[in-house]
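Everything below concerns the one structure shown next.
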Amino acid sequence: MALIQCNYFSEVLGLSTSMTVILPQQTKNQIGMKNVKYKDRHPSLFLLHGLSDDDTIWLRRTSIERYVASLGIAVVMPQVHRSFYTDMAYGNRYWTFLSEELPEVARSFFPLSDAREDNFVAGLSMGGYGAMKWALRRPEQFAAAASLSGVMDIADFAKRAPYDDHLIFGDQQVTGTENDLFWLIDQATMQRPKLYQACGTEDFLYEQNVRFHKACQEKGIDLMFEEEAGDHNWDYWDKKIQDVLAWLPLQRA
């Protein structure tokens, strides 16, 4: 695998930012690793960070580089600060950055496939919300999306963090908008990606994850939901990201 810390300028944000990228590399003699490269233009997992983290956190807290080595998949981990992957009322345009600029820039730097069947998105906590929102609002971009301990009810979560909520949404209502995952599943089309959701039963977000799963069931949306003992921590996410990788519908050539 190749590990790249990429610092670059974002036209949408109007500032320099960073992404951490893992690229497949075919090797024969690397001790203890089975590295695979399947395609000239790599399948890609956009892997999103949580509220208190940055683009390096998945690499620092899990063995994500080792987990993807045998899959032949690239991993793109962007930096979005505390934005909830949203065009902020008092801040920057992180939704536009994420959904429009990031894939284009990443593919201009690295040999990443732009085919829908080769693209996936996943994240934890705030990133779980971002992954589901991205997949439901832009279903033509992804074959699959996964949320780990995600903030599934952003209106409910905003009550816990009113300062962040005001910066992100201002005086606007979240319920019934494109920032509301429950509203988005009401609008979901048949083109929607495969969906995966997991949350620990000791997690403070467990109840809203159960509500989201139930809402998907009522709408007839095919979503794999896994619950088990676990809290809002890296022990749980390090384990579950391996389940996500095993679940991804990779098209190997």
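Scanning region 1-36 for residues that are farther than 16 Å from residue 77 by Cβ and crowded, with 16+ Cβ neighbours inside 10 Å gives 12, 13, 35, 36. Restricting 100, 65 to those that are part of a helix (DSSP H, G or I), in contact with a strand residue (DSSP E or B) (Cβ under 8 Å, 6 or more places away or on another chain) and either modelled with pLDDT under 95 or under 18 Å from residue 111 (Cα atoms) (or both) reduces the list to 65. Tallying residues that are assigned to a helix (DSSP H, G or I), surrounded by fewer than 17 Cβ atoms within 10 Å (Cβ to Cβ) and either of a type in the set (Gly, Ala, Ser) or in contact (Cβ under 8 Å) with a residue 24 or more places away in the chain (or both) within region 202-227 yields 1. Applying the criterion of being in contact with a strand residue (DSSP E or B) (Cβ under 9 Å, 6 or more places away or on another chain) and acidic (Asp, Glu) to the residues of region 6-55, the residue that is farthest from residue 167 (Cα to Cα) is 55. Could you list all residues from region 153-192 that are small (Gly, Ala, Ser) and within 15 Å of residue 126 (Cβ to Cβ)? Result: 155, 158, 161.
Counting the residues of region 228-253 that are of a type in the set (Asp, Glu), surrounded by 13 or more Cβ atoms within 10 Å (Cβ to Cβ) and either without any contact (Cβ under 8 Å) to a residue 24 or more places away in the chain or in contact with a strand residue (DSSP E or B) (Cβ under 9 Å, 6 or more places away or on another chain) (or both) gives 2.
Hey, does region 166-178 have a residue that's in contact with a Gly (Cβ under 8 Å, 6 or more places away or on another chain) and in a helix (DSSP H, G or I)? Scanning region 166-178, I find at least one residue that is in contact with a Gly (Cβ under 8 Å, 6 or more places away or on another chain) and in a helix (DSSP H, G or I), so the answer is yes. Residues of region 161-187 that are buried (at least 17 other Cβ atoms within 10 Å of the Cβ) and under 18 Å from the mean Cα position of the chain (by Cα): 179, 180, 181, 182, 184, 185.
Of note, residue 120 does not satisfy the criterion of being surrounded by fewer than 22 Cβ atoms within 10 Å (Cβ to Cβ), among the aromatic types (Phe, Trp, Tyr) and modelled with pLDDT of 95 or more. Within region 188-201, restricting attention to residues that are surrounded by 13 or more Cβ atoms within 10 Å (Cβ to Cβ) and within 14 Å of residue 136 (Cα to Cα), the residue that is modelled with the lowest pLDDT is 188.
Go through region 191-201 and count every residue that is assigned to a loop (DSSP other than H, G, I, E, B) and either in contact (Cβ under 8 Å) with a residue 40 or more places away in the chain or under 18 Å from residue 131 (Cα atoms) (or both).
3
The values are calculated or read from the model by the stated rules, or taken from the named source; none is laboratory data. All values derive from a computational prediction rather than experimental measurement. Please note: Cβ atoms are built from the backbone with ideal geometry, for glycine as well, and neighbour counts cover all protein chains shown.
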